[in-house]
1. Hey, can you tell me all the residues within the range 129-141 that are free of Cβ contacts under 8 Å to residues at least 60 places away in the same chain and surrounded by 14 or more Cβ atoms within 10 Å (Cβ to Cβ)?
2. If you go through the range 49-88 one residue at a time, how many are in a strand (DSSP E or B) and either without any contact (Cβ under 8 Å) to a residue 60 or more places away in the chain or touching a Gly at 6+ places or on another chain (Cβ under 9 Å) (or both)?
3. If you check Pro179, Pro175, Pro113, Pro194, which single one turns out to be touching an Asp or Glu at 6+ places or on another chain (Cβ under 9 Å), of a type outside the set (A, V, I, L, M, F, W, C) and touching a residue at least 40 places away in the same chain (Cβ under 8 Å)?
4. May I ask you to list the residues in the range 46-74 that are of a type in the set (Val, Ile, Thr) and under 23 Å from the mean Cα position of the chain (by Cα)?
5. Looking at the range 138-172, which of its residues are out of contact with any helix residue (DSSP H, G or I) (no Cβ under 6 Å at 6 or more places or on another chain) and closer than 30 Å to Pro9 by Cβ?
Amino acid sequence: MPAYDFKAPRLFVEADLAPGTVLPLDRAQANYLLNVLRRGEEDPVLVFNGRDGEWRATLVAKGRKDGELRCRERIRPQAEPADLHYLFAPLKSARLDYLAQKAVEMGAGTLRPVLTRYTQGDRINLDRLRANTVEAAEQCGILAIPRCLPPLRLPEAMAALEPGRLLVFCDEDAPIADPVRALSEAADPARPPPLAILVGPEGGFSEEEREAIRARPNTVALSLGPRILRADTAAVAVLALVQSVLGDCR
């Protein structure tokens, strides 16, 4: 990874970015920069919008409650969105926040809530989900904001995956106990296919759901070890594993 300015705060903005662009700060952004971080006139701030790369801007303060940013130069070109789909059964709000943030940090490019038989709740606040992806992207130097897709029932979610996308199914009853071996046998690490990961709810999948998932072509079932992991812990574990064997951490 190239040298990166970790000292400058980083903000996601909706506006187009170009030299000289003036970006008015909303109330939350102004409070964060001026009062929380105590940044002053001409201090650097990094900005990105998911389209135009990352830009170095400078702060123009207008008191302690208002200000704007002025774009100076682009310091990183726009990166392509990560082509890794993360499919998950919804969790309670605090743990779902954690899951979304960690999935983004670990390289997921698409988040899809999936409703299963044992899903704890079927109401998903997509605005909150996106807010968590934006926050994670801001903190971790990510340029492309992942897509947050609306929830689907399990059969429809699987049908929405392209046939060529390898589905990594986290299954505690998988016959192959070695997940690295399972992934290496499912695809060539030198030429990995598009990937999707599916993690179920705390109650696991029903036997009918498990059979339907395994019946999908281009699917590999794997265990994450001898312990039963919470769904939010499983997110970090499986993403680290998949990225190390078939993803961008190789």
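The values are calculated or read from the model by the stated rules, or taken from the named source; none is laboratory data. Computed from a predicted model, the values in this text were never measured in an experiment. No Cβ is skipped: glycine too gets one built from the backbone with ideal geometry, and neighbour counts run over all protein chains shown.
1. Selection gives Leu129, Arg130, Ala131, Asn132, Thr133, Glu135, Ala136.
2. 22
3. From the options Pro179, Pro175, Pro113, Pro194, the qualifying one is Pro194.
4. Val47
5. Glu138, Gln139, Gly141, Ile142, Leu143, Ala144, Arg147, Leu149
Every residue, every condition in (1) over 30 Å from Lys7 (Cβ atoms); (2) at pLDDT 95 or above, yes or no:
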{"site": "Asp52", "(1), (2)": "no, yes"}
{"site": "Val60", "(1), (2)": "no, no"}
{"site": "Arg64", "(1), (2)": "no, no"}
{"site": "Arg70", "(1), (2)": "no, yes"}
{"site": "Ala79", "(1), (2)": "no, no"}
{"site": "Ala82", "(1), (2)": "no, no"}
{"site": "Leu91", "(1), (2)": "yes, no"}
